[in-house]
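Asker: One structure follows; several queries about it will come next.
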Amino acid sequence: MTLLRTIKFIIDHPLNRGHKVKSMIRFAKWQIGSRLLSFPVVYEWVNGTKMLVKNGETGLTGNVYTGLHEFSDMGYMLHFLRAGDLFADVGANVGSYTILASGVAKARSVSFEPVPSTFSRFVDNIRINHIDEMVVAVNSAVGDQIGSISFTTDRDTVNHATVAGEKCAKSALVNVTTLDEYFKVECPSLIKIDVEGYEFQVLKGAQETLKNPKLKSIIVEINDSCRLYGYSESETITMMVDNGFRAHTYDPLSRTLTEIGGRNLMSGNTIYIRDKITVLERVTTTGKISVNGNEF
């Protein structure tokens, strides 16, 4: 993001609309403070959770600026999950969603992150939140078959599986598993997939998981990045629909679900729901979450 786009994103964020001055002070303090330190800062987050954040980490600094960077999706997850649920975080990066799922909602998490240096940062975030026993951290990519692939390692939240002929400064060979292989015994109730265009391959390797009625919902990133791998957005959408999932938007402030066609054009992520009755009952009855002085 450019500076002006970042500032607009911050002041327009739903959790900052009534606190615009405070949000800009928080932004300025972080910009100055993070540049003076050469090591990660422990940032107090939601419900006593913590994040180890350093300058330049897009996803985590977004949480510093706004409370919840991806408000609709993170709010949905916090309202949906219950203690003891199983959550799958595919493309965990340094752990924002996993910290919320296990540190706040008290769900169990299985979290996949392939990049070794990012995985190390992820594990540090799990440990400072004392949720080691609730989280299974898997240093692996997820795809449509077991094996290995080349992965970029120097692009923060947009690291991705490389393709033939792609130029990248730094990459590593990483292991690949499938969701069907990993969840043979127990199926998650919610899956988040954010793998920079590789989502279709992840879903191809989850055919049995997708059929399992215990899986109620999937938060999946859908955008033009999939074309890098020779697929279109419509193919991912069709796979979701064929397995009984329908696209929705979610407003955490009013706790309303709205069915939409295809995918969410206003966001990189789309919330897909199969069992709307169960999901609606969950999101409307869970307790309130407090973030930066806001309750929702």
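Asker: How many residues are more than 19 Å from the chain's Cα centre (by Cα) and farther than 25 Å from L210 by Cα when one looks only at the stretch 245-283?
Answerer: Going through the stretch 245-283 one residue at a time, the tally reaches 3.
Asker: Considering only residues that are surrounded by 10 or more Cβ atoms within 10 Å (Cβ to Cβ) and assigned to a strand (DSSP E or B), which ones fall in the stretch 277-296?
Answerer: S290, V291, N294
Asker: Which members of the stretch 213-242 meet the condition of being assigned to a helix (DSSP H, G or I) and either among the small types (G, A, S) or buried (at least 21 other Cβ atoms within 10 Å of the Cβ) (or both)?
Answerer: Within the stretch 213-242, S225, C226, S234, T236, M240 meet the criteria.
Asker: Please go through the stretch 58-70 and give me each residue that is at pLDDT below 90 and buried (at least 22 other Cβ atoms within 10 Å of the Cβ), ordered by number.
Answerer: L60
Asker: Continuing with this model, one more query. Does R108 satisfy being within 19 Å of H130 (Cα to Cα), crowded, with 19+ Cβ neighbours inside 10 Å and among the basic types (K, R)?
Answerer: When the stated conditions are applied, R108 passes them.
Asker: Which one of these does G75 not meet: (1) in the same structural domain as L203 (by TED's automatic domain parsing); (2) within 24 Å of V142 (Cα to Cα)?
Answerer: Going through (1) in the same structural domain as L203 (by TED's automatic domain parsing); (2) within 24 Å of V142 (Cα to Cα) one by one, G75 breaks only (2).
Asker: Another question about this same structure. Return yes when G48 is in contact with a Ser or Thr (Cβ under 6 Å, 6 or more places away or on another chain) and surrounded by fewer than 20 Cβ atoms within 10 Å (Cβ to Cβ) and no when it is not.
Answerer: Spelling it out, it is not the case that G48 is in contact with a Ser or Thr (Cβ under 6 Å, 6 or more places away or on another chain) and surrounded by fewer than 20 Cβ atoms within 10 Å (Cβ to Cβ).
Asker: Now for a separate question. Here are some conditions: (1) touching a residue at least 24 places away in the same chain (Cβ under 8 Å); (2) surrounded by fewer than 22 Cβ atoms within 10 Å (Cβ to Cβ). V142 meets all but one. Which one does it not meet?
Answerer: Of everything listed in (1) touching a residue at least 24 places away in the same chain (Cβ under 8 Å); (2) surrounded by fewer than 22 Cβ atoms within 10 Å (Cβ to Cβ), V142 misses just condition (2).
The values are calculated or read from the model by the stated rules, or taken from the named source; none is laboratory data. Remember, predicted model here, so these are calculated numbers, not experimental data. Note that each Cβ is placed from the backbone with ideal geometry, even for glycine, and that neighbours are counted across all protein chains shown.
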